[in-house]
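Read through the structure below, which is laid out as structure tokens, and then see the notes.
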Amino acid sequence: MDLGLEGKVVLATGGSDGLGRALCHELVAEGAKVAFCGRDPERLDSVAEALAAAGGDVLAVRADVTEPEDLSRFVDAAAEKWGRIDGLVNNAGTAAAMPLAETLDADWDADLQLKVYGAVRLIRFALPHLRQSGGAIVNTLAIGAKTPGGGSAPSSVSRAAGMALTKVLSKEFGSDRIRVNAVLIGLIESGQWERRASAEGLTVGEFYERLAQGSGIPMDRVGRAQEYADLVTYLLSSRSSYVTGTAINLDGGLCAVV
Ligand SMILES: NC(=O)c1ccc[n+]([C@@H]2O[C@H](COP(=O)([O-])OP(=O)(O)OC[C@H]3O[C@@H](n4cnc5c(N)ncnc54)[C@H](OP(=O)(O)O)[C@@H]3O)[C@@H](O)[C@H]2O)c1
């Protein structure tokens with residue numbers, strides 16, 4: 001199936017590890033030009049090298065999504081290099097979950113800056129370009145947005161805000177031909193889990209097996225980063241041209257609601 005992504009320009013935050021890195025590889029394989037960001041310059045360089053070796057036309061930008069100036073620079077760099085932006089993926093993030101009584105205002109501020117303000121600002125900066133191209137936005141969230149558990153704040157609250165933002169913008173931008181969707185992750189193999197495995201002295205395989213068993217995932221395994229990349233690539237492509245305002249669970253059946 002031709003996804004129509006050849007020559008399209010896609011921006012992805014958090015492309016230097018985990019799900020974002022897998023997405024950048026898939027987009028390059030589909031012929032898209034990819035700008036991605038992260039904070040660690042060494043990881044950015046190493047992913048940029050691998051993508052270029054795979055034939056990708058890519059741009060790695062050191063940018064922290066909690067810094068408005070960094071986001072503005074990220075958008076400008078891609079627009080300057082390629083003259084257009086067709087897709088935007090808000091992916092950078094990390095889990096922050098604790099009992100409410102233990103949270104400080106600083107925890108809430110940090111999570112909202114990372115997961116809500118970061119996405120809002122990046123969309124605002126990229127909007128003039130997306131209006132010209134009739135582009136697509138994908139917000140990477142977590143199933144906690146639909147089914148928050150006790151002790152899951154501030155993450156699940158930020159993710160619910162991301163889901164509301166997705167719906168609001170799908171209505172606001174529909175007449176601009178801009179589609180806005182969200183992907184709600186359950187548990188998927190990525191850098192954050194590899195670091196957790198190593199901290200606990202487990203192999204990655206042992207860690208994922210324990211994670212799958214402990215979480216009761218109906219499909220009996222954690223997801224693969226490629227499975228995320230496939231879904232997001234589809235949502236960015238013209239093959240999903242009538243799909244907007246949805247929040248799709250990517251979780252092997254883990255979420256209790258559709
Ligand atoms: N994997 C899962 O099971 C799972 C579950 C639920 C939700 N999610 C969500 O899926 C997204 C991807 O997660 P992942 O599992 O792939 O994580 P990961 O392996 O830790 O990768 C995170 C990426 O985001 C970047 N990043 C983190 N903070 C950033 C910041 N402030 N500014 C710019 N870049 C930043 C990281 O690079 P630097 O550290 O160098 O900046 C890295 O490239 C996140 O939003 C996460 O919350 C994942």
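Some observations on this one:
- Close pairs from segment 188-202: first modelled with pLDDT of 95 or more, partner of a type in the set (K, R) and within 13 Å of the ligand (Cβ to nearest atom), Cβ under 6 Å, at least 6 apart: E189/R224
- Of residues in segment 179-193 being more than 6 Å from the ligand (Cβ to nearest atom) and among the small types (G, A, S), the one surrounded by the most Cβ atoms within 10 Å (Cβ to Cβ): A182
- Here E6 fulfils each of the conditions (1) surrounded by fewer than 17 Cβ atoms within 10 Å (Cβ to Cβ); (2) assigned to a helix (DSSP H, G or I) apart from (2).
- The condition of being within 11 Å of the ligand (Cβ to nearest atom) and either in a loop (DSSP other than H, G, I, E, B) or within 30 Å of A153 (Cβ to Cβ) (or both) holds for only one of V61, V47, V65, that being V65.
- Considering only residues in segment 39-67 that are in contact with an Asp or Glu (Cβ under 7 Å, 6 or more places away or on another chain) and open to solvent by 10 Å² or more (accessible area, probe 1.4 Å), the one that is nearest to A225 (Cα to Cα) turns out to be R43.
- Considering residues of segment 9-44 that are part of a strand (DSSP E or B) and not β-branched (V, I, T) only, the residue farthest from the ligand (Cβ to nearest atom): K33
- Matching option when the condition is surrounded by fewer than 17 Cβ atoms within 10 Å (Cβ to Cβ), at pLDDT 95 or above and in contact with a Ser or Thr (Cβ under 8 Å, 6 or more places away or on another chain), among G118, G134, G149: G149
- Of all residues making up segment 239-258, the number that are small (G, A, S) and open to solvent by 70 Å² or more (accessible area, probe 1.4 Å): 2
The values are calculated or read from the model by the stated rules, or taken from the named source; none is laboratory data. Since the structure is predicted, the reported quantities are computational estimates derived from the model, not experimental observations. For neighbour counting, all protein chains shown are included, and Cβ atoms are generated from backbone atoms with ideal geometry for every residue, glycine included. The area values use the complete protein model at the heavy-atom level, side chains included, leaving out ligands, DNA and RNA. Shrake-Rupley method; radii C 1.70, N 1.55, O 1.52, S 1.80 Å.
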